[in-house]
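Below is one structure, written out as structure tokens; comments come after it.
The values are calculated or read from the model by the stated rules, or taken from the named source; none is laboratory data. Keep in mind that what you see is a predicted model, and the values were worked out from it rather than measured. No Cβ is skipped: glycine too gets one built from the backbone with ideal geometry, and neighbour counts run over all protein chains shown.
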Amino acid sequence: MVVGDSILKIVQSAQNEVLIAAPFVKLKALERLLSEIPTTVQLVTCVTRWLPEDIACGVCDLEIFDLLQSRQNSRLFVHPYLHAKFFRADSVCVVGSANVTHRALGWITPPNLELTVELPADFDGLHEWEQRLMAAAIPATIELRDQIAAAASKLKDTIPAGFRPPEAVAASSSSSPPGLWLPSCPVPDRLWGVYQGQGPETMVTSAWEAARADLLALLLPGGLSKPLFLAFMAGILRQMPLVQELDNLAANGLTDVQAHTFLTERLDIGDPHQVEQAWQVMKAWLTYFFPESYRVEVRQEVLVKGRQLPDVR
């Protein structure tokens, strides 16, 4: 069966909810999928990557925002690190390699050689993955669409003909263990300025270099307003397993000594100074990006979780 037809089959069977998640989503392909969803379905959610380079290269369309806005009970979210292709209709899922494009779904010739597998929604790990996806995704807005459009327009003249953006996120240049990114800028309130293009003359050079390294590693969309920038940063932090572990530990108060022990074991760092520095930076980021959730009791230097992490959606 054609890949796209297998996805059409499950969305046609939906009764309550449909979720479509893929880094590349083209308007016409999405229209075809949506047209097969029964009108009785209560909620349709689409999540895409929507980076300016995706739009500039033509592998994803901004017009999907208007399409979903025009439909009742439909919504669009953006996740800049989305790589998976995931489709769910109630309790049935299709996962695999196919983006929401005509070529990937096999609806034009020659089609891509894609692989998809149908699984029950309660298959081990799928529910948890979907929760992580939605916890870190940002609702698409007119403001965000226009900002990404402007950034994409600036990129168009600099992109070679035929270039297609890689879906994989570049590895961090930090000294963290492989597969684990840690923030390095000790003054997170200065990240916004560096994101806007402020140079090293505006702050301590080492802090500016650390901020630049953090922003390059995180690959945020260009042209964001400050509220959206803060929302993206919070979403990125929220999905980090290390932050989730620290959040649990801070529920009863987390002293510096306890945090040092945890990081030494978790990160396999032998240098006490490096451990202390990593914790001070992480503590600064948590209290800055989640001011309603954390506070530091200065006399005891205890990170305390006062409230649940806010839902950035």
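One line per residue, one yes/no per condition, for (1) crowded, with 16+ Cβ neighbours inside 10 Å; (2) closer than 24 Å to residue 153 by Cα:
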{"position": "21", "(1), (2)": "yes, no"}
{"position": "40", "(1), (2)": "no, no"}
{"position": "47", "(1), (2)": "yes, yes"}
{"position": "65", "(1), (2)": "yes, yes"}
{"position": "83", "(1), (2)": "no, yes"}
{"position": "94", "(1), (2)": "yes, no"}
{"position": "109", "(1), (2)": "no, no"}
{"position": "113", "(1), (2)": "no, no"}
Restricted to region 72-81 and to residues being out of contact with any strand residue (DSSP E or B) (no Cβ under 7 Å at 6 or more places or on another chain) and in contact (Cβ under 8 Å) with a residue 12 or more places away in the chain, the residue surrounded by the fewest Cβ atoms within 10 Å (Cβ to Cβ) is 81
Condition set at pLDDT 75 or above and among the aliphatic types (A, V, I, L, M), scope region 290-313, selection surrounded by the most Cβ atoms within 10 Å (Cβ to Cβ): answer is 303
Being out of contact with any strand residue (DSSP E or B) (no Cβ under 6 Å at 6 or more places or on another chain), among the aliphatic types (A, V, I, L, M) and outside the structural domain of residue 240 (by TED's automatic domain parsing): is that true of residue 29 here? no
Among helices (runs of 4 or more DSSP H) completely within region 178-249, the ones holding 1 or more residues that are more than 20 Å from the chain's Cα centre (by Cα) are 191-195, 205-218, 241-249
By residue number, the members of region 117-143 that are surrounded by fewer than 18 Cβ atoms within 10 Å (Cβ to Cβ) and either of a type in the set (Val, Ile, Thr) or under 25 Å from residue 57 (Cα atoms) (or both) are 117, 139, 141, 142, 143
Scanning region 1-11 for residues that are in a loop (DSSP other than H, G, I, E, B) and either buried (at least 22 other Cβ atoms within 10 Å of the Cβ) or touching a Phe, Trp or Tyr at 6+ places or on another chain (Cβ under 8 Å) (or both) gives 2
Item to complete: Return yes when residue 101 is surrounded by 15 or more Cβ atoms within 10 Å (Cβ to Cβ), out of contact with any Gly (no Cβ under 8 Å at 6 or more places or on another chain) and farther than 16 Å from residue 18 by Cβ and no when it is not.
Response: yes
Checked pairs for region 23-41, first assigned to a helix (DSSP H, G or I), second polar (S, T, N, Q) and crowded, with 19+ Cβ neighbours inside 10 Å, C-beta under 7 Å and 6 or more apart or across chains, list as 29/101
Restricting attention to region 259-276, the residues that are at pLDDT 80 or above and closer than 15 Å to residue 184 by Cα number exactly 5
Per the filter on region 250-277, residues part of a helix (DSSP H, G or I), more than 20 Å from residue 290 (Cα to Cα) and among the aliphatic types (A, V, I, L, M) are 257, 263, 267, 275
Per the list (1) modelled with pLDDT of 85 or more; (2) touching a strand residue (DSSP E or B) at 6+ places or on another chain (Cβ under 8 Å); (3) of a type in the set (Gly, Ala, Ser), residue check on residue 207 breaks on (2)
Restricted to region 250-286 and to residues being over 28 Å from the mean Cα position of the chain (by Cα) and of a type in the set (Ser, Thr, Tyr), the residue nearest to residue 306 (Cα to Cα) is 255
Taking region 245-265 and keeping only residues that are under 26 Å from residue 220 (Cβ atoms) and exposed (fewer than 15 other Cβ atoms within 10 Å of the Cβ), one is left with 245
Here the residues within region 58-114 that are among the basic types (Lys, Arg) and farther than 19 Å from residue 134 by Cα are 71, 103
Residue 14 fails exactly one of (1) in a loop (DSSP other than H, G, I, E, B); (2) of a type outside the set (Phe, Trp, Tyr); (3) surrounded by fewer than 18 Cβ atoms within 10 Å (Cβ to Cβ), namely (3)
